[in-house]
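Below is one structure, written out as structure tokens; comments come after it.
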Amino acid sequence: MIRTLLAAGALAAVAAPALAQQYDERPAKLHDAGDPDANFSRRIVEIPMRDGVKLHTVIFVPKGARDAGILLTRTPYNAEELTGHAQSGRLASVLQGYDNAADVIVAGGYIRVVQDVRGKYGSGGSYVMNRPLAGTALNPTKVDHATDTYDTIDWLVKNLPESNGKVGIIGISYDGFTPLMALVNPHPALKVSVPMNPMVDGWRGDDWFHNGAFRQFGLPYIWEQVATRDNKSKWTTSVYDQYDLYMRAGSAGALASSHGLDQIGFYQKITQHPAYDAFWQEQAMDRVLARQPLKVPVMLVHSLWDQEDIYGAMAVYRALKPKDAGNDMVFLTMGPWHHGQGIDNGSSLGAIDWDADTAKQWRHDVLAPFLAHYLKGTPMDVAPVTAFQSGTNQWQKLSRWSQDEGATRLYLKPGMTLGFEAAAGDATAEYVSDPASPVTYEARPIRPQGYDGNPWPTWLADDQRAVSGRPDVLTFTGPVLTEPVTIAGTPMVHLTASTSGTDSDWVVKLIDVDPDEVPEKPAMGGYQLAIAMDIFRGRYRENLAEARPLAANTPLKYSFALPTANHVFAPGHRIMVQVQSSWFPLYDRNPQSFVPNIFFAKPADYVKATQKIVIAGPDASYVSLPMAK
């Protein structure tokens, strides 16, 4: 009995360490077998940069790939998350929903590479928003997105034996900014770049400002993007209607401070540079690339109703096209889309139906053959410019896009009318702009910015009747058209206006008004579709780089461009122009009394102002239209 107990005890003593080892049932090192029927392999690599920092990179190689082109995206939005949309062995399912045309990538048999940029998610190093060029006053280090792209491509072509050594780079928004940076001293293996809706100039008309007016909806983005490496610290608010949130805060600076943004380096830079000074000019990518030789074919993708980066692609086109002597290096696509919609369903834009899936058409007919040409060597039939013409809802193949500003003057006239001849005499139209009751950019309640079930992506195509009846919005309407009016280019605002204050914002909208009755779509009767609209902060009238007070009650001239349009105002429709002085809460309110820095305006600084628009005589206000030739 004693021997039995001793034996049992000895057995227990021997088994105890084994049981202890088995208590954690996970293997010391996991070998993930994955799906044995998968049509791809997934590799995770930490690619070293020239300064020793390693960048987290996800690589998908199609099964049996040989002599395959490489398609790279560099992102601050989490490479692991973006490439893990489905638990599937089919690459199409894994990439579906990611923002870079999964259908084209999979059908093309490309090796897919997605990389976290320096300082974000799995990558090492420090993060700087849209890191400027290395070796400049804005970036004293020796690394930037251009060097990181070069080093990444160099590693890929040396370590992926399944590739043909040809690399393309593609991306949207911030991921569209990095393909532009890749054009600076490009790696010889970089054969094509596709910047889609790229961030180019944060002051002139992309994410942070539009002509000096601050886009307050950037504050949550700045916090989440910069505060932590992995975006774990979220911007939170208990207020559903963003109108109430921003009104109660007062100024953009007060709201930012209440949410802790004072500690964020990029936010500090924005508040220190509210004017278009060297900080913005030196990092604007159109200016950067204008100084670079053109070595890599580029397809710039622009959305005509891009609610986030409507300025950038066209600015880069203007900068690069003069270098394209053979008209075979700089390509342009203009689609009837919101930001990034080119990789999604493009059948409609809010209430506007295009009669076909325009995005799918473009990916199949333009993007796929374009990439195949430069990454596989196949022939292509892609025009230098592929432009969607709204109004006729047709794609156009063009040899070049006109960079001229509008020349045909559409005058604002007495009686709240429009015409191509200025009215004689001396007349003004006026309204009172009250910062306590600003004009909204969309109907309330205004939900937080987002893409899932949210009106944010399509607000630029919203029916402008939501505000056209307000007394602080001037609405000028032309007669019913008997002939089509076709515009293709940049409408220019030429406003002669006075304010009783010492600062003012001016918002101008060019609108296509549907007939009063549309039998096939009754809800579209009288719909007011904005074709192009934008805002200008008056303090920069004389000099974009320096704020100056406005002379009160003195008619002054303001000139600024509206976004590019390619549209036909059809017979039976009417042309409309609206003028207002606020666009809230997307843009911060102008106090209408001059203060050194609007970010830090105090409640007492916000005053009502009487705004007068000259609508007759030699100084009558007008919008110059780029009439198609």
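The values are calculated or read from the model by the stated rules, or taken from the named source; none is laboratory data. Since this is a predicted model, take the numbers as computed values, not measurements. Positions of Cβ are backbone-derived with ideal geometry, glycine not excepted, and every protein chain shown enters the neighbour counts.
Tabulated results
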{"quantity": "Within the stretch 359-444, strands (runs of 3 or more DSSP E) holding 1 or more residues that are touching a residue at least 60 places away in the same chain (Cβ under 8 Å) and either surrounded by 20 or more Cβ atoms within 10 Å (Cβ to Cβ) or among the hydrophobic types (A, V, I, L, M, F, W, C) (or both)", "calculated": "385-389, 408-413, 417-419, 428-433"}
{"quantity": "Residue selected from the stretch 554-565 under the condition in a loop (DSSP other than H, G, I, E, B) and more than 25 Å from M314 (Cα to Cα), by the criterion farthest from the chain's Cα centre (by Cα)", "calculated": "T554"}
{"quantity": "Any hit, the stretch 456-477, residues being assigned by TED's automatic domain parsing to the domain that holds D619, modelled with pLDDT under 95 and more than 30 Å from G340 (Cβ to Cβ)", "calculated": "yes"}
{"quantity": "Number of the exception - Q307 against (1) modelled with pLDDT of 95 or more; (2) outside the structural domain of F388 (by TED's automatic domain parsing)", "calculated": "(2)"}
{"quantity": "Any hit, the stretch 448-463, residues being over 24 Å from N197 (Cβ atoms) and touching a helix residue (DSSP H, G or I) at 6+ places or on another chain (Cβ under 8 Å)", "calculated": "no"}
{"quantity": "Among the residues listed as A256, A278, A252, the single one being among the small types (G, A, S) and surrounded by fewer than 18 Cβ atoms within 10 Å (Cβ to Cβ)", "calculated": "A278"}
{"quantity": "Every residue from the stretch 347-358 that is free of Cβ contacts under 8 Å to residues at least 24 places away in the same chain and either in contact with a Pro (Cβ under 7 Å, 6 or more places away or on another chain) or charged (D, E, K, R) (or both)", "calculated": "D357"}
{"quantity": "L586 assigned by TED's automatic domain parsing to the domain that holds S433, surrounded by fewer than 22 Cβ atoms within 10 Å (Cβ to Cβ) and either under 14 Å from D503 (Cα atoms) or not acidic (D, E) (or both)", "calculated": "no"}
{"quantity": "Only one of A488, A551 that is within 30 Å of P596 (Cβ to Cβ) and either in contact with a Gly (Cβ under 9 Å, 6 or more places away or on another chain) or aliphatic (A, V, I, L, M) (or both)", "calculated": "A551"}
{"quantity": "Residue within the stretch 232-243 that is hydroxyl-bearing (S, T, Y) and surrounded by 23 or more Cβ atoms within 10 Å (Cβ to Cβ) present", "calculated": "no"}
{"quantity": "Test: R112 is touching a residue at least 40 places away in the same chain (Cβ under 8 Å) and buried (at least 18 other Cβ atoms within 10 Å of the Cβ)", "calculated": "yes"}
{"quantity": "Selected residue (only one of V518, V568 is over 28 Å from Q242 (Cα atoms), β-branched (V, I, T) and in a strand (DSSP E or B))", "calculated": "V568"}
{"quantity": "Scope the stretch 267-317; condition among the β-branched types (V, I, T), outside any loop (DSSP other than H, G, I, E, B) and under 14 Å from the mean Cα position of the chain (by Cα); matching residues", "calculated": "V301, V316"}
{"quantity": "Qualifying residue in the stretch 539-556 (condition: touching a residue at least 60 places away in the same chain (Cβ under 8 Å), within 19 Å of S624 (Cα to Cα) and crowded, with 23+ Cβ neighbours inside 10 Å)", "calculated": "no"}
{"quantity": "Residues within the stretch 455-465 that are part of a loop (DSSP other than H, G, I, E, B) and either over 16 Å from D306 (Cβ atoms) or touching a Phe, Trp or Tyr at 6+ places or on another chain (Cβ under 7 Å) (or both), tallied", "calculated": "1"}
{"quantity": "Residue among M299, M285, M314 that is within 25 Å of N566 (Cβ to Cβ) and in contact with a Leu (Cβ under 6 Å, 6 or more places away or on another chain)", "calculated": "M285"}
{"quantity": "Residue, modelled with the lowest pLDDT, within the stretch 71-93, restricted to residues that are of a type in the set (A, V, I, L, M) and more than 18 Å from N345 (Cα to Cα)", "calculated": "A86"}
{"quantity": "Scan of the stretch 74-88 for residues that are farther than 20 Å from P198 by Cα and out of contact with any strand residue (DSSP E or B) (no Cβ under 8 Å at 6 or more places or on another chain), ordered by number", "calculated": "E81, G84, H85, A86, Q87, S88"}
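This table checks each residue for (1) touching a Phe, Trp or Tyr at 6+ places or on another chain (Cβ under 8 Å); (2) under 29 Å from L219 (Cα atoms); (3) in the same structural domain as F214 (by TED's automatic domain parsing).
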{"position": "G326", "(1), (2), (3)": "no, no, no"}
{"position": "V330", "(1), (2), (3)": "yes, no, no"}
{"position": "G342", "(1), (2), (3)": "yes, yes, no"}
{"position": "L349", "(1), (2), (3)": "yes, yes, no"}
{"position": "A356", "(1), (2), (3)": "no, no, no"}
{"position": "V366", "(1), (2), (3)": "no, no, no"}
{"position": "Y374", "(1), (2), (3)": "no, no, no"}
